[in-house]
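The values are calculated or read from the model by the stated rules, or taken from the named source; none is laboratory data. Keep in mind that what you see is a predicted model, and the values were worked out from it rather than measured. Note: ideal-geometry Cβ built from the backbone for every residue, glycine included; neighbour counts use all protein chains shown. These area figures cover heavy atoms from the full protein model, side chains too; ligands, DNA and RNA do not enter into them. Shrake-Rupley method; radii C 1.70, N 1.55, O 1.52, S 1.80 Å.
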Amino acid sequence: TLSAFAGSAILTRTWSQAEMGAYLAVWRLVSTLIPFFLLGFPTSFLYFFPRLKAPGQQRLVLQASVCLAMAGLLLAMLVRWGGPYLNVLLDSETQPLTQELEVYLGAFLPYTCFWVAGGLVEPGLVAAGRPQWQALMSLGMAAGQLGLVLAAWVGDWPVARVLWGFSVLGGVRLGVGAWLVAKAGGWTAAKWSSSGLGAYLRYSLPVALGDAVGSLSRAADRLVVLWFFSNETFAFYDLGAVEVPVSLLLASATTVLIPQVSGLYAAGRTEAIAELWREAIRRLSLVVLPLFFLLFFQ
């Protein structure tokens, strides 16, 4: 989150308002669509993984990885096919997007595919008991993105080149993440089997629906501004409408709690679940409640 804030601050000093607006519009459109194609797999993986023995875990990793790779390719094809139509729909008299939208979306296509295909990286490392690896990889990605933005600032790169750079970083994340997940659990010799995939999909689809609704609700105001106003105005709005990232704490706690609770429930240890829940709420409240009062009175 900090790298994204810093990157936006740097790029506003690199490009014009129109270029910045088009860049942010591409990010917003793609980031809104990605949760639809993750299919609820990351959250569902955290639930199913602790309930399985080693062969089942190996099979689950392969099944989820293949499904996410197909979903990433599908998203990339839809963005490629729908780029010209988005330009027509959003290019009203106020011209919220320029005619270069299709070029920008094309440069960002690999990123969309790689990001969805690598959707199992973070939950896979956490579920395998390697949260430190996940943290290091996230820090590496943040450093890479910030380095890319600094290079764009120094070299006065155009928008399309920066988007191609993010696509390269997305490929690096997918490759390194897949290697780390395989190394963490010894899943390099997995063989394909559809056993259990139906139950996994039935559990995942309602989660995917919730993720999709949440993504649309978070992006609704920005999509409205993008539709009715120019890309220059959208740049001002998108950069200014920044929320305090309290949700990062809650999301991190949820990512850790789901596999723990699932494993304890499978073992019949309900009292341990209650104790774990109380301890998590107590620790989170030490940060969330003071932050609530601080922001409320400000």
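What number in nm² do you get for the chain if you take the convex hull of its Cα atoms and divide its surface by four?
16.7
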Tell me, what is the FRET efficiency for residue 293 and residue 217 to the nearest 0.05, using R0 = 41 angstrom and their Cβ-Cβ distance as r? 0.95
Based on DSSP H runs of at least 4 residues, each adding -39500 (n - 2.57), what is the mean residue ellipticity at 222 nm of the chain after dividing by all its residues, to the nearest 500 deg cm²/dmol? -28000 deg cm²/dmol
Which residue, 140, 267, 216, has the largest displacement toward the positive end of the dipole of the chain when charges sit on each Cβ (Lys, Arg +1; Asp, Glu -1)? 267
Can you list which of the trypsin sites (Lys or Arg not before Pro) found in the stretch 136-195 are DSSP loop residues with at most 10 other C-beta atoms within 10 Å? 191
One quarter of the convex hull surface, Cα atoms only: what value does that give for the stretch 189-298 in nm²? 12.1
On the protein heavy atoms, probe 1.4 angstrom, tell me the percent of accessible surface of the chain carried by carbon and sulfur. 68
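Express in nm, to one decimal, how much length is gained between residue 281 and residue 183 on full extension, taking 0.36 nm for each residue of separation and deducting their alpha carbon distance.
Contour length minus the Cα-Cα distance gives 32.0 nm.
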By how many degrees, 0 to 90 and rounded to 10, does the Cα axis of helix 2-11 deviate from the longest principal axis of the chain? 10
Working from Cα positions, state the angle (0 to 90°, nearest 10) between the long axis of helix 131-155 and the longest principal axis of the chain. 10
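Please calculate how many Å² of accessible area the chain carries per residue, with a 1.4 Å probe and no DNA, RNA or ligand atoms counted.
Dividing the accessible area of the chain by its residue count gives 54 Å².
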What's the extension gain from residue 139 to residue 271 if we count 0.36 nm per residue and subtract their Cα-Cα distance? 43.9 nm
Rounding to the nearest 20 debye, state how big the charge dipole of the chain is about its Cα centre with +1 on each Lys and Arg Cβ and -1 on each Asp and Glu Cβ. 1300
For the stretch 189-247, what is the charge dipole size about the Cα centre, in debye to the nearest 20, if Lys and Arg each add +1 at the Cβ and Asp and Glu each add -1 at the Cβ? 420
